[in-house]
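Notes follow once the structure below has been shown.
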Amino acid sequence: MENKKENKNIDFYIEEIRTAAEEFHINETRPLSYFIRTFGCQQNDNDSEISAGLLEHLGLEAASQIEEADIVIFNTCSVRENADRRFYGHLGNLKTWRSEEKQRRIGVMGCMPGQGTHNKHLKDTFPYIDFLLNAGDMGNLPRALYESRDQSGKHFIVDLTDQPKEMTYPSLPVKRESRHRALISIMSGCNNFCTYCIVPYARGRESSRDPQVIIAEAQAAVDNGAKEIMLIGQNVNSYGNDKRRKGESGFPSFAQLLKEIAQIPDLSVLRYMTSHPKDLSDELIEVIGQYETIEPHVHLPLQSGSTRLLKKMNRRYTAEHYLGLVQKLRAARPEITISTDIIVGFPGETEEDFEATLGLMEAVKFDRAFTFIYSPRSGTPAAEWEQNASDVEIQERFERLLDLQNTHSLESNKTCLDKSIYVLVSGRSKTDEEVFSGRTKDDRLVNFSVPDVSQLENEYAYTARGEAVTTVISEGSEVLVKVTKSKTTSLEGVFERLL
Ligand code: 5AD
Ligand code: SF4
């Protein structure tokens with residue numbers, strides 16, 4: 001059977017798959033199930049949540065283990081090489097599993113399938129894959145499922161990566177991973193073409209979503225109990241540029257959108273990422289300074305502290321400009337924490353360039369940093385450039401960078417010692433059932449223990465309904481924690497009271 005590529009309306013595919021899922025349920029006396037394995041960034045996390053919402057809308061149920069599912073979907077990342085390798089390992093393991101039952105299917109979406117080299121490699125090496133979808137093209141998932149059905153004869157791969165994105169619905173159903181935190185995508189794609197980065201090739205050009213749809217999604221999330229909203233996009237600061245360029249002069253800026261959402265009653269924390277230093281406007285800094293609900297934290301990727309290297313990276317700002325932004329942000333919101341991304345070993349990085357990065361880190365003192373060793377991505381300009389430092393030198397630079405950042409992270413966390421701080425609880429710690437985890441408004445990770453009510457001050461020991469407060473703490477609780485220990489990547493503390 002050929003992959004015919006005759007595109008019907010999304011509602012047609014939805015109806016067909018729903019009917020097929022119902023028939024399966026009746027015949028097999030169990031629902032058709034799915035499992036999504038996600039790699040990479042928040043954008044992928046959100047795309048997986050939407051895929052899950054859509055699959056449940058189609059009548060499928062989540063399986064708790066990958067091997068127990070009928071439909072397995074990998075949402076892939078290709079930003080650095082180690083994400084590729086982990087994914088290919090998983091895919092290889094499913095070959096026998098796929099052949100065992102005829103309703104089983106494997107789909108691959110996210111940043112890999114749309115890129116020529118990965119697309120070919122996937123098809124050649126893993127011919128038992130059933131369908132391929134572009135990053136962010138969840139709207140075509142029902143079609144992919146429909147066209148890849150009935151694989152009992154000759155197997156074929158439904159490749160929808162050459163098809164236009166299915167955009168019929170402004171909002172697709174979403175099944176959120178977390179009750180207390182809602183990820184909301186405000187735009188897709190990236191126009192920046194940093195010379196090391198694959199994202200613009202994998203996700204296409206910037207496209208901003210309708211502000212009214214975003215605000216309605218944010219309001220609905222809060223109505224459903226979310227305390228925290230995270231607005232996501234590769235470069236949120238350029239929100240609306242694409243629309244304004246096309247003549248929609250009234251389309252709001254990111255600062256205006258943020259301001260609007262910050263005023264939703266009952267929202268506790270409004271987060272956003274990622275900010276590009278070249279587009280962080282004074283208007284935005286002013287809004288960050290004005291609204292309590294907006295997190296006192298900004299993720300502002302530096303990549304390098306050498307202006308010479310920033311130019312080669314096509315970042316379009318200088319080290320001085322970056323420092324200027326830090327000063328403005330701290331003036332507008334003195335308690336703000338700043339996190340960053342830094343790449344070590346970019347082609348042509350000299351010891352002098354590297355020292356400029358260390359110097360800028362000393363000048364800023366980042367509260368947290370994600371540090372990466374440069375990974376050549378085929379198809380990007382930098383992948384063609386010569387590397388003058390050896391692997392050993394790069395590794396050594398990486399460790400020096402990490403040591404310096406660890407010192408700064410610890411210094412930053414020490415400022416919280418003995419203080420009582422707001423924590424939004426995300427759940428119990430993975431390693432210790434007795435310990436809860438959560439995040440502060442300025443995005444620090446906190447692990448805290450809960451004493452017996454008898455050890456709490458009387459007025460804080462019971463809720464208005466007479467329950468011991470220590471028994472009602474769960475995901476989404478807002479609590480005050482007394483910090484007892486500051487570590488490099490987290491704080492430890494003791495629960496004081498509910499907020
Ligand atoms: N190699 C190493 N790090 C990279 N990043 C993006 N592309 C690469 C690459 N090719 C890092 C950048 C970016 C973060 C999400 O990943 O620091 O900000
Ligand atoms: Fe990649 Fe640069 Fe776009 Fe970020 S801004 S996604 S690093 S191209």
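We did not get these values from a lab; they are worked out from the coordinates using the rules stated. Computed from a predicted structure; not experimentally measured. As a convention, Cβ positions derive from the backbone with ideal geometry for all residues, glycine included, and neighbour counts pool all protein chains shown.
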Exercise. Return the FRET efficiency for the residue pair Ser207, Glu177: r is the Cβ-Cβ distance, R0 is 22 Å, and the value is rounded to the nearest 0.05.
Key: 0.35
Exercise. Report the label-to-label distance for Arg465 and Asn82 in nanometres (one decimal), using points 7 Å from each Cα along the Cα→Cβ vector.
Key: 4.4 nm
Quiz item: Hey, how many Å between the Cα centroid of segment 143-198 and the Cα centroid of segment 303-366?
Solution: 34 Å
Quiz item: Label Asn224 and Glu68 with points 7 Å out from Cα along Cα→Cβ: what is the distance between them in nm?
Solution: 2.3 nm
Quiz item: For labels at Lys365 and Arg244 in the simple 7 Å Cα→Cβ model, what's the distance in nm?
Solution: 3.5 nm
Practice problem: Rounded, prolate or oblate: pick one for segment 171-267, where a ≥ b ≥ c are the square roots of the eigenvalues of its C-alpha gyration tensor, a/c under 1.5 means rounded, and failing that, prolate if a/b is larger than b/c, else oblate. | Solution: oblate
Quiz item: Mean Kyte-Doolittle of at least 0.0 and a Cα length of 15 Å or more along the axis: which whole DSSP H helices of the chain meet both?
Solution: 211-223, 319-332, 351-364
Practice problem: Work out from phi, with θ = phi - 60° and the Karplus expression 6.51 cos²θ - 1.76 cosθ + 1.60, the ³J(HN,Hα) of each residue of segment 488-496, listed in order in whole Hz, and give x for Gly and Pro. | Solution: 5, 10, 7, 10, 10, x, 10, 4, 10
Exercise. Tabulate in residue order the Karplus-calculated ³J(HN,Hα) for segment 156-171, using 6.51 cos²θ - 1.76 cosθ + 1.60 with θ = phi - 60°, rounded to whole Hz; enter x for Gly and Pro.
Key: 9, 9, 7, 10, 9, 6, 9, 9, x, 4, 7, 10, 4, 9, x, 10
Quiz item: Which GluC sites (Glu not before Pro) does segment 343-391 hold that lie in a coil by DSSP with at most 11 other beta carbons within 10 Å?
Solution: Glu386
Quiz item: Antiparallel DSSP bridges in the chain: what percent, to the nearest 5?
Solution: 35 percent
Quiz prompt | Neighbourhood charge, 12 Å Cβ-Cβ cut-off, centred on Ala135 and excluding it, Lys, Arg +1 and Asp, Glu -1 | solution = 0
Quiz prompt | Computed [θ] at 222 nm, deg cm²/dmol, the chain (DSSP H ≥ 4; -39,500 (n - 2.57); rounded to nearest 500) | solution = -10500 deg cm²/dmol
Quiz item: Stretched out fully, how many nm does the piece from Lys311 to Leu323 gain, at 0.36 nm a residue minus the Cα gap?
Solution: 2.7 nm
Exercise. Of the listed pairs Lys365/Lys482; Lys227/Lys441; Lys95/Lys120; Lys227/Lys365, which have alpha-carbon separations greater than 22 Å here?
Key: Lys365/Lys482; Lys227/Lys365
Quiz item: What are the trypsin sites (Lys or Arg not before Pro) within segment 66-103 that DSSP puts in a loop, where the Cβ has at most 11 other Cβ atoms within 10 Å?
Solution: Lys102
Quiz item: In segment 122-168, which chymotrypsin sites (Phe, Trp or Tyr not before Pro) are in a loop and have at most 16 other Cβ atoms within 10 Å, using DSSP for the loop call?
Solution: Phe156
Exercise. Pull out a ≥ b ≥ c, the square roots of the eigenvalues of the alpha-carbon gyration tensor of segment 379-422, then state rounded if a/c is under 1.5, prolate if not and a/b is larger than b/c, and oblate in the remaining case.
Key: oblate
Quiz item: Got a sec? Which residues in segment 59-94 would a label at Ile26 touch, if it sits 7 Å along Cα→Cβ and we count backbone N under 19 Å?
Solution: 59-61
Exercise. For the chain, just say rounded, prolate or oblate: build the C-alpha gyration tensor, square-root its eigenvalues into a ≥ b ≥ c, call rounded for a/c under 1.5, and beyond that prolate if a/b exceeds b/c, oblate if not.
Key: oblate
Practice problem: Work out the length of the dipole vector of the chain about its Cα centre, built from +1 on the beta-carbon of each Lys and Arg and -1 on the beta-carbon of each Asp and Glu, and round it to the nearest 20 debye. | Solution: 800 debye
Exercise. Report the FRET efficiency, 1/(1 + (r/R0)^6), for Lys414 and Val435, where r is their Cβ-Cβ distance and R0 is 25 Å, rounded to 0.05.
Key: 0.75
Exercise. Please compute the net charge surrounding Arg497, taking Lys and Arg as +1 and Asp and Glu as -1 over other residues with Cβ under 15 Å from its Cβ.
Key: -4
Quiz item: How much net charge surrounds Phe251 when only the other residues with a Cβ under 14 Å from the Cβ of Phe251 are counted, with Lys and Arg +1 and Asp and Glu -1?
Solution: 0
